[in-house]
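Input: a single structure, listed below in structure tokens.
Only the coordinates and a few stated rules stand behind these numbers; no lab work does. Model, not experiment: these values are computed from the prediction. Positions of Cβ are generated from backbone atoms using ideal geometry, with glycine treated the same way; all protein chains shown enter the neighbour counts.
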Amino acid sequence: MRVTINQVKGMKKKGEKIAMLTAYDYSTAKIIDEADIPLILVGDSLGMVVLGYETTIPVTIEEMIHHTKAVVRGTKRSLIVGDMPFMTYHLSAEDALRNAARFIQEAGCQAVKLEGGVTVAEKVRRVVDCGIPVMGHIGLTPQSIHQLGGFKVQGKTPEAAIKLIKDARALEEAGAFAIVLETVPAQLASLITQKVDVPTIGIGAGIGCDGQIQIINDILGLFTDFVPKHAKQYTKLAEIIHNVVSEYASEVKSGGFPTDQNSFFLDESVAAELSKLTK
Ligand code: KIV
């Protein structure tokens, strides 16, 4: 049985912290699912950490659906949230609904996420009213990076902080089951967390959120272009992979790989007959 949105909301009520991670492929998603992580986001961060784009803006819905399907196939228990990419929910509520439905019907995930507060509330309501759970996302919203003028902390002035509180409330009223708070001061994130009944999931938003989300490639030390301040590298997988790949290459060169253990052989009688036939 997969985790439900009611269970996620219940975790806030019980004061249970929520651990959420991103995943983009079958094998990683399977490991995360087996580690009992209740929520997995197939984030459009895919564009940067898997596909090598500079921002999330070029990511298409086809790319998102392709990767979301793989994550769904690798999981049994986690609730999977598909991230709606740039311009798939901006034009109209109908467009938002049509594209959200693709995530649910084609990719098989259980919820979608979209960026924005008051300005997307009407779209969130339309999608939720049709039975599709929505996770909100406010603060630093990477799809608006050009408007925001870079990857900057959001909500630093009283006016900007009040705007974010209004955004969070608008999302809750529109029916969002949880809200990501990205790169906002810890005191503001705690305040928002107190002011809404739905769980807040922080990334660079301090300890006061109801849960945390991290990009799997960051915590594994697999993405090395830059290490965001909000990320903790629990290991250095890029270094480990580099060493393994180098060892493999030197064994191939030296003849140390493959050994008999990694090879297949003809039966002796077949080998003898073949040898006669090829003399
Ligand atoms: O795309 C993503 O991975 C995200 C998280 C950073 C919340 O939106």
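Sorting ARG169, ARG98 on the 10 Å Cβ count, fewest up front, what's the list?
Ascending Cβ contact count within 10 Å gives the list ARG98, ARG169.
Stretched out fully, how many nm does the piece from THR157 to GLU239 gain, at 0.36 nm a residue minus the Cα gap?
This chain segment gains 25.5 nm when fully extended.
Where does the charge balance sit around ALA70 when Lys and Arg score +1, Asp and Glu -1, over other residues with C-beta under 12 Å from its C-beta?
Net charge in that neighbourhood comes out at +1.
Past 23 Å, Cα to Cα: identify those pairs from LYS9/LYS152; LYS9/LYS123; LYS76/LYS123, in the order given. Please report the intermediate quantities before stating the final value.
Values: LYS9/LYS152 29 Å; LYS9/LYS123 21 Å; LYS76/LYS123 29 Å.
Correct reply: LYS9/LYS152; LYS76/LYS123.
Placing unit charges on C-beta atoms (Lys and Arg positive, Asp and Glu negative, everything else neutral), compute the dipole magnitude of segment 140-206 about its Cα centre in debye, rounded to 20.
Dipole magnitude for segment 140-206 comes out near 200 debye.
Please state the Cα pair-distance histogram of segment 1-86 with 10 angstrom bins from zero: what percent is in each bin?
19, 46, 28, 7
Could you give me the ³J(HN,Hα) list for segment 142-152, computed from phi with Karplus coefficients 6.51, -1.76, 1.60 and θ = phi - 60°, whole Hz, x at Gly and Pro?
x, 5, 9, 4, 5, 5, 6, x, x, 7, 10
Take the Cα atoms of segment 91-158, build their convex hull, and give its volume per residue in Å³.
106
Evaluate the charge dipole of segment 1-112 about its Cα centre and quote only its size in Debye, nearest 20, assuming +1 on the Cβ of each Lys and Arg and -1 on the Cβ of each Asp and Glu.
With only Lys, Arg, Asp and Glu charged at Cβ, the dipole is about 680 debye.
Can you give me the pair-distance distribution of the chain, C-alpha pairs, 5 Å bins, whole percents?
1, 6, 11, 15, 17, 15, 11, 5, 3, 3, 3, 3, 2, 2, 1, 1, 0, 0
How far, in nm, would the chain grow between PHE226 and ILE31 when pulled straight, counting 0.36 nm per residue and subtracting the alpha carbon separation?
On the way: separation 195, 0.36 × 195 = 70.20 nm, distance 2.46 nm.
Between PHE226 and ILE31, full extension yields an extra 67.7 nm.
Put +1 on the Cβ of each Lys and Arg and -1 on the Cβ of each Asp and Glu in the chain; which of PHE226, THR193, VAL252 then has its Cα farthest toward the positive end of the dipole?
Toward the positive end, the furthest listed residue is THR193.
Among ALA101, ILE65, LEU181, which residue has its Cα positioned farthest towards the positive end of the charge dipole of the chain, with +1 placed on the Cβ of Lys and Arg, -1 on the Cβ of Asp and Glu, and the dipole taken about the Cα centre?
Of the candidates, LEU181 comes out farthest on the positive side.
Cβ under 13 Å from VAL3's Cβ, VAL3 left aside: what net charge do those residues give with Lys, Arg +1 and Asp, Glu -1?
Overall, the nearby charge balance is +1.
Please determine, in degrees from 0 to 90 and to the nearest 10, the orientation of helix 237-254 with respect to the longest principal axis defined by the Cα atoms of the chain, where the helix direction is its Cα long axis.
Orientation of helix 237-254: about 10 degrees from the principal axis.
Where both partners of a DSSP beta bridge lie in the chain, what percent of those bridges are antiparallel, to the nearest 5? Intermediate values should be presented prior to the final figure.
Values: 1 of 28 bridges.
Approximately 5 percent, going by the DSSP bridge assignments.
Highest mean first, how do 262-268, 123-129, 182-188, 161-167 rank when packing is the count of other Cβ atoms within 10 Å averaged over residues?
In descending order of packing, they fall as 123-129, 182-188, 161-167, 262-268.
Where does segment 47-104 land on Rg/Rh, using Cα atoms and the Kirkwood Rh?
Here Rg/Rh amounts to 0.99.
Search the structure for amide H atoms under 5 Å from the amide H of ALA178, placed 1.01 Å from N in the peptide plane, and list their residues when 5 or more places away or on another chain.
Those qualifying (amide H under 5 Å, at least 5 residues apart or on another chain) are GLY136.
Using a cut-off of 10 Å between beta-carbons, work out the net charge of the residues near GLY202 (Lys and Arg +1, Asp and Glu -1, GLY202 not included).
With Lys, Arg at +1 and Asp, Glu at -1, the neighbours total -2.
With an 8 Å cut-off on Cα pairs and a minimum separation of 6 or more residues, tell me the relative contact order of segment 127-279 in percent.
Computed over segment 127-279, the figure is 15 percent.
For segment 3-43, what's the radius of gyration and Dmax over Cα atoms, in angstrom?
Taking only Cα atoms of segment 3-43, I get Rg and Dmax of 11.0, 32 Å.
Let's see if you can work this out: charge +1 on each Lys and Arg Cβ, -1 on each Asp and Glu Cβ, no other charges. What is the dipole magnitude of segment 5-235 about its Cα centre, in debye to the nearest 20?
About 600 debye.
Run the simple label-point estimate for ILE207 and TYR53 please: 7 Å along Cα→C-beta, distance reported in nm.
3.6
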